[in-house]
Structures are given as structure tokens and as C-alpha cells.
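This report refers to the structure that appears directly beneath it.
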Amino acid sequence: SSSSALPSSSVGTSSSTGGPTCGAVAAPSTADEFDGTDGSPLVRSGWDGDTAVFGLSNDRLRVFSDNPGVIVHTPAEGSTQQASLEFGGGTGLLAGERVGLVLKKQATTGACDAVYVMWEPASSTVRVQVCEGAGPTVDVDGTASVPANTAYVSARASSNGVVEVYAGSTSLTATCVLRVTTAWTHAGSGGYVGIAAVGANGVLINKFGAQ
């Protein structure tokens, strides 16, 4: 069960106990810049999942509902994978409203069997979560602070269970948050990457990267 205790992790560029460290930040290849005809649901080659929650608006991805939603980019990526998003503004910035990345998702549908990197703009925090089977979704070492001007979020999930999160105004100004998810069943697996939103109606995303 994913409710079991997870190993302690470090926040920042290194671990004081000689554990894993953050690598060099790099933006993954751009997978989608969301150009196309406005409207929802999202009908777009290379995307699957809760498409009714998302759509296009002025050549950006828009969240069209406060309902939780996850979309994944196909095909699946390998056991070390990275995804990023560039925030495009919009509404949905109140406390508790979150948007973020999905990593190592084991199926195109359903909410579980995935790593979530959820960013809450109102509190300038990110959290890494894991979920398997029927749930629940579990925080890995709680929230971590990121710059208030964050508009870029990237996450790398390695085959050894380490998840590196980079958040800042650009990839070059990003702060690193490090989490270890080795107790999660699918830590060494590949899977789909994508985008998740909770209570974020109106949020806009300029582009998404994956590799």
C-alpha cells in the first residue's frame, strides 16, 4: 500500500547525509505548444485521459473545470523521464488550487498508479505525491517552498526512485526540490507523463515538454 512510510528526502541541491543530489536543470523537448482551434473538451493527437476538463484557448491549454483532471501525453516514456510546463496565467490562483505534472503513470486513464508534482501558485509551494492501486494519494515529505514568480515547473523521475523538481521564472532560475520515492511500487518503471489540475478552472499553460 502507498500509505506506508516513505524514506526521508532532502530539499535543495544536496543531502546532508550523503544521499542523492539535484542534477543540472534542463528543459525537456517541447511536446506541445497548444496551437489550434479554441474549445473544450481537448481533442488532440497525442493526449488521452480526462480531456473534458481541458481544452484550448488562444493557442494555450486551458483548464475548463474545477473538477480534478489528468491528461497524459502518448506514447509512454522510459524509466528515467522528464516533463515540464510553462504557466500562461489566467485565473485559478486561490489557496488550494493546484496544477502540475504527472510522471510514471501506468495507464492513460484513472487517477492512481502515478507520481504527481503539484504546484500551488497562491502559496508558492510544490508537493510530490505518489498513488497506487485504489489509493490513497500520499505526500512525500510534505510541501516545499518555490519562488513566488514561478512560471516554469519541470520534474525528472529517475529509475532509482529519485524525483527532482525545478521551479522558477525560467529553467535557468529554477529552485530544486528533491524527493525519494523508492518505497512506491512503480518507482523503477516507465510510464506516461502529463498534466494534472485540481480546482484550477481558468488556468492557462503555454507549453508542455516531455522526454
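Scanning region 21-35 for residues that are open to solvent by 40 Å² or more (accessible area, probe 1.4 Å), part of a loop (DSSP other than H, G, I, E, B) and either touching a Lys or Arg at 6+ places or on another chain (Cβ under 7 Å) or more than 14 Å from Ala157 (Cα to Cα) (or both) turns up Ser29, Glu33, Asp35. Within region 72-85, residues that are closer than 24 Å to Ala174 by Cα and among the charged types (D, E, K, R) sit with their Cβ atoms under 9 Å from residues that are open to solvent by 40 Å² or more (accessible area, probe 1.4 Å) and not in a strand (DSSP E or B), at 6+ positions apart or across chains, in these pairs: Glu77/Gln211.
Do we find a residue being among the hydroxyl-bearing types (Ser, Thr, Tyr), farther than 24 Å from Pro75 by Cβ, open to solvent by 50 Å² or more (accessible area, probe 1.4 Å) and part of a strand (DSSP E or B) anywhere in region 147-154?
First, the residues of region 147-154 that are among the hydroxyl-bearing types (Ser, Thr, Tyr): 150, 152, 154.
When the remaining residues are screened for being farther than 24 Å from Pro75 by Cβ, the result is 150, 152.
Next, only the ones that are open to solvent by 50 Å² or more (accessible area, probe 1.4 Å) stay: none.
No.
Being among the hydroxyl-bearing types (Ser, Thr, Tyr) and surrounded by fewer than 18 Cβ atoms within 10 Å (Cβ to Cβ) is the filter here, so list the residues in region 115-146 that pass it. The answer is Ser123, Ser124, Thr137, Thr143, Ser145. For first residues located in region 155-171 and within 15 Å of Val126 (Cβ to Cβ), partners that are part of a loop (DSSP other than H, G, I, E, B) and hydroxyl-bearing (Ser, Thr, Tyr) and lie 6+ apart or on another chain with Cβ distances below 8 Å form the pairs Arg156/Thr80; Ala157/Thr80; Ala157/Thr181; Val163/Thr181; Glu164/Ser158; Ala167/Thr150; Gly168/Thr150; Ser169/Thr150.
Of the residues making up region 155-165, those that are touching a Lys or Arg at 6+ places or on another chain (Cβ under 9 Å) and open to solvent by 10 Å² or more (accessible area, probe 1.4 Å) are Val162, Glu164. Tallying residues that are at pLDDT below 95 and surrounded by fewer than 18 Cβ atoms within 10 Å (Cβ to Cβ) within region 68-111 yields 10.
Scan region 28-51 for residues that are more than 29 Å from Gly78 (Cβ to Cβ) and of a type in the set (Gly, Ala, Ser) and jot them down. Answer for region 28-51, where residues must be more than 29 Å from Gly78 (Cβ to Cβ) and of a type in the set (Gly, Ala, Ser): Gly39, Ser40.
Please enumerate the residues belonging to region 114-135 that are under 14 Å from the mean Cα position of the chain (by Cα) and in contact (Cβ under 8 Å) with a residue 60 or more places away in the chain. Matches in region 114-135: Ala114, Val115, Tyr116, Met118, Val130, Cys131. A single entry from Ala167, Ala174, Ala151 fulfils the requirement of being modelled with pLDDT under 90, within 14 Å of the chain's Cα centre (by Cα) and within 25 Å of Ala24 (Cβ to Cβ): Ala151.
Select, from Val70, Val99, the only residue that is in a strand (DSSP E or B), touching a helix residue (DSSP H, G or I) at 6+ places or on another chain (Cβ under 9 Å), of a type in the set (Val, Ile, Thr) and more than 17 Å from Asp35 (Cα to Cα). Walk me through how you get there before you give the answer.
Numbers: Val99 fails: touching a helix residue (DSSP H, G or I) at 6+ places or on another chain (Cβ under 9 Å).
Answer to the check: Val70.
The values are calculated or read from the model by the stated rules, or taken from the named source; none is laboratory data. A quick note: this is a predicted structure, and the numbers were derived from the prediction, not measured. Here the Cβ is made from the backbone with ideal geometry for all residues, glycine too, and neighbour counts use every protein chain on show. Ligands, DNA and RNA are stripped out before the accessible areas are found, and what is left, the full protein with its side chains, is counted by its heavy atoms. Shrake-Rupley method; radii C 1.70, N 1.55, O 1.52, S 1.80 Å.
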